[in-house]
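Any read-out appearing in this document is the output of simple, stated calculations on the displayed coordinates, not a laboratory observation. Keep in mind that this is a model prediction, so the values were computed, not measured. Ideal geometry is used to build each Cβ from the backbone, glycine not excepted, and the neighbour counts take in all protein chains shown.
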Amino acid sequence: MNARTPTSALAAIAVALAFSSLAIPAPVVAADPPARFQTDAEQRDDGSWMLRATLTRAGAVQSQQTVEFLQKVDFFGERWISLGSAVTDSAGVAARLYSPTSNGLQHLVARLAAGDGTFDSDVFDITVSGAVPAIPEGEPNLPIIKMWAFPVGAALLFLVWLALAVIFFRAVIGIARPTRAQATGHAPTREGQAESSPPTRP
């Protein structure tokens, strides 16, 4: 019986190997093809820009996808700020109107939120000229403030000096009263009270 044991074990191993070779392999799930952006920008007559990003995946347009446009700025270090977002239409195009507030070369990207991450387009540039700054340069035109600035400032200055003069005058009077009382030998009296000398003993 002991001589048959190794033979049985070898037979069991051979059967297991045969079944493993016939096992059906697990299906391979194809990864989603990467998204692709095609970007362009067109300047309008009023100085604004129309930014466009066409989104495709494996050659098919992607509609109803939210695309965000961003600009690279140098503000406490280089960073990207949002210029707004748009949803792709039936042709896969997301369009966003952008009104620059500074002139010069600007670097832009289009961004798609994909799952837990994001997908960015290649950087595309626009050269802005004639932009309207958010805060107008130069001195603001405030005629009413200019007209009242001097008299109001002078009145405030007069009130400050008047308050200082009153404080100084009261301080001088407060020092002078004890000094005069010590010179006459009488204690200072309040207004409305008669000054009386202490009674003398017989």
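Quick check: pseudo-label points 7 Å beyond the Cα along Cα→Cβ at Ala95 and Gln38, how many nm apart are they? So the two model labels end up 1.6 nm from each other.
In terms of its C-alpha gyration tensor, region 35-128 comes out oblate, because a/c is 1.5 or above while a/b does not outweigh b/c. Placing a pseudo-label 7 Å from each Cα along the Cα-to-Cβ vector at Trp161 and Val61 gives an inter-label distance of 7.7 nm.
Ordered by the count of other Cβ atoms within 10 Å of each Cβ, fewest first, Glu68, Glu78 give Glu78, Glu68.
Protection proxy ranking for 106-114, 37-45, using the average of other Cβ atoms within 10 Å per residue and placing the highest first: 106-114, 37-45.
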